[in-house]
2 protein chains.
Amino acid sequence: MARTGRPREFDRDKALDAALTLFWTQGYEPTSLNQLKTCMGNISPASFYAAFGSKEALFREVVQRYLETYGQVMAPLWDETLAPRDAIEQTLRRSARMQTTRSHPTGCLIVLGACNCSPENEPVQTLLAAQRERSRKGFQACVARAVAEGELTDTPVTKTLPTLFATFLHGMACEARDGNRAKKLDDAITTLMQVWDSLALTA
Amino acid sequence: MARTGRPREFDRDKALDAALTLFWTQGYEPTSLNQLKTCMGNISPASFYAAFGSKEALFREVVQRYLETYGQVMAPLWDETLAPRDAIEQTLRRSARMQTTRSHPTGCLIVLGACNCSPENEPVQTLLAAQRERSRKGFQACVARAVAEGELTDTPVTKTLPTLFATFLHGMACEARDGNRAKKLDDAITTLMQVWDSLALTA
DNA sequence: CCACTTCCGGACCGCTTAGTATAGAAAATT
DNA sequence: AATTTTCTATACTAAGCGGTCCGGAAGTGG
């Protein structure tokens with residue numbers, strides 16, 4: 001469709017990426033509009049609001065972008081062509097590597113992006129909490145699939161696996177933010193996966 | 001020592017507890033002086049600064065108080081009268097119960113208290129990071145003690161245990177904040193401890 | 001070339017922030 | 001009772017917050 005009028009002078013995608021980096025580093029609330037406008041190429045408030053609507057709307061776009069890029073390390077969790085065990089292991093290992101890579105902020109935007117929020121920004125917290133819940137459901141689905149395929153037996157111990165993996169996954173955000181390197185987390189994942197194997201063996 | 005002059009009218013300890021609850025719930029930055037003064041019994045700015053110095057100084061006192069009370073669930077980690085495995089298990093189980101108890105805010109102040117910080121409040125982040133590092137060292141010490149006592153063998157796998165437990169511990173803060181109950185985490189801990197047992201068996 | 005659409009820069013909005021200065025009252029010690 | 005100390009309340013600062021508005025600039029379609 002024909003787009004008339006003066007075209008915007010900044011690259012909306014580049015600006016979004018810059019905002020993503022800033023939000024990822026500092027989190028939602030401490031990131032001010034001034035910082036955002038500066039890092040997005042010294043755009044004016046008017047340009048900002050015309051392009052993104054509000055700080056919260058921008059953050060929602062940023063989260064979406066994150067999920068579509070960096071967040072794809074979690075994709076194996078919902079890939080039913082993978083064996084359930086491999087899906088979980090790949091998710092953990094890829095998350096560990098991604099969260100510790102130094103070419104972008106460390107840790108996980110979904111876990112750390114809105115930990116400290118005033119009551120008025122509760123919707124933002126809720127947004128990220130929903131994504132974390134999605135991850136938990138992913139682990140549950142993998143374990144359920146393993147039971148269905150006969151790889152694991154449906155015991156009380158098996159039922160604890162999703163929480164075990166989800167807790168470890170979310171904990172990696174803290175470890176990565178605190179400076180732990182990929183190898184350390186990766187080695188811990190190797191050990192953690194032994195839990196799965198020992199349950200599979202006794203089946 | 002003799003303390004002359006008019007005594008303060010509010011209970012400093014109660015005020016500190018109120019501030020602890022508020023900081024625990026919201027985190028450092030989003031908690032404003034107005035909120036603090038209100039919850040501490042409608043004290044005046046002058047009284048506040050006379051009694052606590054600054055927002056940051058108050059937070060440091062709050063962290064200290066937290067460590068001396070709720071944070072004591074981690075005490076087993078440095079209790080050398082306990083078997084290393086028991087020390088770790090107790091630390092995890094007590095943390096799980098404490099962090100999910102509803103008579104106070106959920107999650108862990110040390111993990112969640114200053115996730116989202118502007119650059120100017122980096123010292124606050126550093127304060128909590130140092131405490132998290134202390135926890136990691138605690139797990140390391142327990143594993144080292146287990147090796148020294150012959151309970152575990154000094155293998156590459158054994159070396160991954162501290163990171164495994166620390167990551168899980170810190171992850172519990174996220175799970176508790178998201179509404180998970182004690183039993184769910186406790187059951188996951190039971191499964192996680194199997195890792196230790198399987199390594200001890202092969203020794 | 002003109003009309004129209006859109007964007008940009010900057011002034012500006014009301015409100016909140018952490019923190020201070022001041023003045024006077026109240027309570028303890030001497 | 002005089003002195004010392006710290007309280008209270010209130011007004012205040014300078015800066016920053018998210019967000020709005022407007023006049024003019026810049027581009028497009030007819």
*Test each condition in (1) aliphatic (A, V, I, L, M); (2) touching a residue at least 40 places away in the same chain (Cβ under 8 Å); (3) more than 7 Å from every other protein chain (Cβ to nearest Cβ); (4) farther than 20 Å from B:Leu109 by Cβ for B:Ala176 and report the one that comes out false.*
(4)
*Among B:Leu82, B:Leu67, which is at pLDDT 95 or above and under 25 Å from B:Leu16 (Cβ atoms)?*
B:Leu67
_So B:Thr4 passes all but one of these: (1) part of a helix (DSSP H, G or I); (2) farther than 18 Å from B:Leu109 by Cα; (3) near DNA strand C (Cβ under 10 Å from one of its atoms). Which condition number does it fail?_
(1)
_Looking only at the stretch B:44-53, count every residue that is surrounded by 13 or more Cβ atoms within 10 Å (Cβ to Cβ) and closer than 24 Å to A:Glu120 by Cβ and tell me the total._
1
*Would the stretch A:104-126 turn up any residue that is at pLDDT 95 or above, surrounded by fewer than 17 Cβ atoms within 10 Å (Cβ to Cβ) and under 30 Å from A:Leu199 (Cα atoms)?*
no
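Determine which member of the set A:Glu68, A:Glu56, A:Glu29, A:Glu9 is within 22 Å of A:Gly107 (Cα to Cα) and either within 14 Å of DNA strand C (Cβ to nearest atom) or buried (at least 17 other Cβ atoms within 10 Å of the Cβ) (or both).
Numbers: A:Glu68 fails: either within 14 Å of DNA strand C (Cβ to nearest atom) or buried (at least 17 other Cβ atoms within 10 Å of the Cβ) (or both); A:Glu56 fails: either within 14 Å of DNA strand C (Cβ to nearest atom) or buried (at least 17 other Cβ atoms within 10 Å of the Cβ) (or both); A:Glu9 fails: within 22 Å of A:Gly107 (Cα to Cα).
The match here is A:Glu29.
Within the stretch A:39-55, identify whether any single residue is closer than 23 Å to A:Gln131 by Cα and either touching a helix residue (DSSP H, G or I) at 6+ places or on another chain (Cβ under 8 Å) or aliphatic (A, V, I, L, M) (or both), and answer yes or no. Lay out the reasoning, then the answer.
In the first step, residues of the stretch A:39-55 are kept if they are closer than 23 Å to A:Gln131 by Cα; the result is A:52-55.
Add one more test, that the residue is either touching a helix residue (DSSP H, G or I) at 6+ places or on another chain (Cβ under 8 Å) or aliphatic (A, V, I, L, M) (or both), and what stays is A:52, A:55.
The answer is yes, given that some residue of the stretch A:39-55 is closer than 23 Å to A:Gln131 by Cα and either touching a helix residue (DSSP H, G or I) at 6+ places or on another chain (Cβ under 8 Å) or aliphatic (A, V, I, L, M) (or both).
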_Looking only at the stretch B:66-101, filter to residues that are of a type in the set (Val, Ile, Thr) and part of a helix (DSSP H, G or I); which one of those is nearest to A:Gly27 (Cα to Cα)?_
B:Thr100
*Kindly indicate the residue of the stretch A:32-49 that is free of Cβ contacts under 8 Å to residues at least 12 places away in the same chain and either aliphatic (A, V, I, L, M) or in contact with a Phe, Trp or Tyr (Cβ under 6 Å, 6 or more places away or on another chain) (or both) and also nearest to DNA strand C (Cβ to nearest atom) among those meeting that condition.*
A:Ala46
*asked:* Criterion first (assigned by TED's automatic domain parsing to the domain that holds B:Phe139 and either farther than 19 Å from B:Pro123 by Cβ or buried (at least 16 other Cβ atoms within 10 Å of the Cβ) (or both)) does B:Asp79 satisfy it?
replied: yes
*asked:* If a residue must be within 14 Å of chain B (Cβ to nearest Cβ) and basic (Lys, Arg), how many such residues does the stretch A:74-93 contain?
replied: 1
*asked:* Which count do you get for residues in the stretch A:102-145 that are more than 12 Å from every other protein chain (Cβ to nearest Cβ) and under 13 Å from A:Thr25 (Cα atoms)?
replied: 5
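Residues in the stretch B:94-101: is at least one within 14 Å of chain A (Cβ to nearest Cβ) and within 16 Å of DNA strand C (Cβ to nearest atom)?
As a first pass, look at the stretch B:94-101 and keep what is within 14 Å of chain A (Cβ to nearest Cβ): B:95-96, B:99-100.
Add one more test, that the residue is within 16 Å of DNA strand C (Cβ to nearest atom), and what stays is none.
Checking the stretch B:94-101: not a single residue is within 14 Å of chain A (Cβ to nearest Cβ) and within 16 Å of DNA strand C (Cβ to nearest atom).
Please tell me if A:Thr163 is surrounded by fewer than 22 Cβ atoms within 10 Å (Cβ to Cβ), more than 16 Å from the chain's Cα centre (by Cα), in the same structural domain as A:Ala87 (by TED's automatic domain parsing) and of a type in the set (Val, Ile, Thr).
No; evaluated as a whole, the condition is false for this residue.
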_Residue under evaluation A:Leu22, criteria (1) away from every other protein chain (no Cβ under 14 Å); (2) within 15 Å of DNA strand D (Cβ to nearest atom); (3) within 19 Å of the chain's Cα centre (by Cα), criterion not met_ = (1)
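Any residue in the stretch A:1-8 that is within 22 Å of the chain's Cα centre (by Cα), among the aliphatic types (A, V, I, L, M) and within 10 Å of DNA strand D (Cβ to nearest atom)? Walk me through it before giving the result.
Filtering the stretch A:1-8 down to residues within 22 Å of the chain's Cα centre (by Cα) leaves none.
Checking the stretch A:1-8: not a single residue is within 22 Å of the chain's Cα centre (by Cα), among the aliphatic types (A, V, I, L, M) and within 10 Å of DNA strand D (Cβ to nearest atom).
The values are calculated or read from the model by the stated rules, or taken from the named source; none is laboratory data. This structure is a prediction, so every number in the text was calculated from the model and none was measured. Every residue, glycine as well, gets a Cβ built from its backbone with ideal geometry; the counts of neighbours run over all protein chains shown.
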